[in-house]
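Step one of this worksheet: look at the structure below.
Bear in mind that the values in this text are calculations on the coordinates, not laboratory data. These figures come from a predicted structure and were not determined experimentally. When we count neighbours, we look across all protein chains shown, and the Cβ atoms used for this are built from the backbone with ideal geometry, even at glycine.
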Amino acid sequence: KTEAPDLVIVGAGLFGLTIAQQAVEKLGVRVHIIDVRDHIGGNAYSYIDPATGAEIHKYGAHLFHTSNERVWEYVNRFTDFTDYVHRVYATHDGEVYPLPINLGTINQFFHAHYTPAEAKALVEEQAGELAGTDPTNLNDQGISLIGRPLYEAFIKNYTAKQWQTDASELPASIIKRLPVRFNYDNRYFKDTWEGLPEDGYTAWFEKMIDDPRITVSLGTDFFDESQPLNKKALLEAGVPVVYTGPVDRYFDYQLGELKWRTVDFKEVRYDEDDHFGCPVMNFSDADVPYTRAIEFKNFRPDRADEQSHDSTVVWEEYSRFADRDDEPYYPINTDEDKALYAEYKRLAAEEPQVVFGGRLGTYAYYDMDKVINQALIAFDKQVAPLLER
Ligand code: FAD
Ligand code: UDP
């Protein structure tokens with residue numbers, strides 16, 4: 001490393017990788033990416049489990065889906081996608097139901113053979129207690145969407161386990177994205193395209209930054225002044241920086257901490273080919289302490305030849321409030337958090353040579369396609385002008 005880079009990117013997640021790829025392709029600059037972790041890919045990183053051949057998503061199951069044509073074309077430059085279609089099942093009161101709530105779920109739950117119109121009329125009647133209101137919290141939103149019986153069976157306890165906050169204090173937006181269907185369509189996502197990267201997430205990410213002008217330093221913390229690419233040194237040298245770490249951490253938590261939820265994963269191994277028969281099993285009831293279980297082998301039926309047939313690996317997910325040292329996963333986003341983030345955003349806008357991005361840098365829950373889209377836009381609007389200066 002004889003020459004200083006033109007751009008330093010803090011974080012090798014999808015936001016940082018997309019910025020790096022664009023900077024090299026569009027402006028031919030030299031980019032140095034640092035990440036405190038020992039791998040690239042941020043939260044979308046995965047690895048192969050030697051015992052079963054399963055591709056384990058280290059920070060929780062990641063399914064790619066998008067309706068954004070620009071993003072779909074962009075990601076397909078670096079990887080092909082399998083024809084995987086995401087489907088989720090839920091165990092409630094000793095029975096397995098299809099999700100998201102659809103006519104199959106409704107008919108099984110009520111032991112009925114309703115037509116779409118009949119099911120709709122029933123749900124409307126059961127949601128009637130909140131008719132004409134505009135629900136602002138998750139409890140009221142849930143009931144008005146599917147009626148109280150289905151809400152109590154499939155949403156109430158799951159949400160309590162996931163958020164440990166009373167549903168009447170959670171924003172309605174959390175479940176607005178869960179569809180309810182009065183037909184038997186149980187595709188989890190409504191997007192135009194979905195799939196899993198054919199050769200795994202890591203191969204995709206490596207391809208994005210496969211260029212001699214991009215250097216990556218892992219195990220390197222932006223705030224560690226014993227390494228040369230630290231905050232203080234870079235700001236003093238006037239090097240442009242794209243920062244995708246937590247925005248409150250950048251400012252030393254000077255206004256307070258933004259609140260996050262984290263997930264603990266408990267790994268369980270079974271000496272059988274297939275434990276659940278599907279990749280994701282949600283547990284709707286309070287007596288099972290975890291929210292859902294992920295059986296990674298079942299994401300990749302196309303890899304049957306490379307995966308074990310007498311062992312399988314499952315991760316159970318336990319959700320809780322995050323401390324400063326935990327991995328921040330889901331922004332809690334109370335009104336207080338939102339106000340605090342607005343203040344940090346003002347501070348961030350005053351940093352002349354730093355662009356803040358990604359889910360940690362902007363305190364938001366974004367799916368991968370949203371993060372890529374934002375990085376493509378941020379590159380053109382913010383990063384390129386900074387580099388051209
Ligand atoms: P990150 O991936 O978090 O990358 C930020 C990087 O910055 C990290 O690698 C971190 O180590 C690094 N960093 C932070 N601080 C420092 C520092 N001081 N110095 C150096 N490096 C630092 N999206 C989907 O589309 N589909 C899904 O199914 C899906 N499932 C998800 C499940 C879970 C449990 C979670 C949490 C997220 C899921 N997502 C999913 C969202 C997806 O993970 C994000 O959209 C994506 O990872 C965001 O990329 P990013 O670059 O913004 O952040
Ligand atoms: N949810 C639920 N029951 C389920 C699945 C989801 O109540 O079986 C609610 C829950 O509040 C959750 C929200 O819907 O936080 C969003 O679910 P999704 O599966 O999109 O969550 P994620 O994959 O982001 O954890």
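Observations
- DSSP beta bridges in the chain [antiparallel fraction, %, rounded to 5]: 65 percent
- For the residue pairs LYS176/LYS381; LYS58/LYS381; LYS26/LYS370; LYS231/LYS345; LYS120/LYS176; LYS207/LYS370, alpha carbon separations beyond 29 Å are given by LYS176/LYS381; LYS58/LYS381.
- Sequence-distant aspartates and glutamates (8 or more away, or on other chains) whose Cα lies within less than 17 Å of LYS338: GLU169, ASP248, GLU257
- The 3J(HN,Hα) values that the Karplus relation (6.51, -1.76, 1.60; θ = phi - 60°) gives for the range 39-49 are, in residue order, 8, 8, x, x, 6, 8, 4, 9, 8, 8, 7 Hz. Gly and Pro appear as x.
- Based on C-alpha pairs under 8 angstrom that are at least 6 apart in sequence, the range 88-176 has a relative contact order of 24 percent.
- Peptides 202-209, 86-93 ranked from most to least packed give 202-209, 86-93, packing being the mean of other C-beta atoms within 10 angstrom over each peptide's residues.
- Spatial separation of Cα centroids for the range 154-190 and the range 212-272, in angstrom: 31 Å
- Mean Cβ count within 10 Å, highest first, over the residues of peptides 136-147, 304-315: 136-147, 304-315
- Cβ-based exposure ranking for ARG346, ARG213, in which fewest neighbours within 10 Å come first: ARG346, ARG213
- Comparing PRO212, PRO352, PRO100 in a Gaussian network model of the chain, where Cα atoms under 10 Å apart are tied by springs, the biggest mean-square fluctuation is seen for PRO212.
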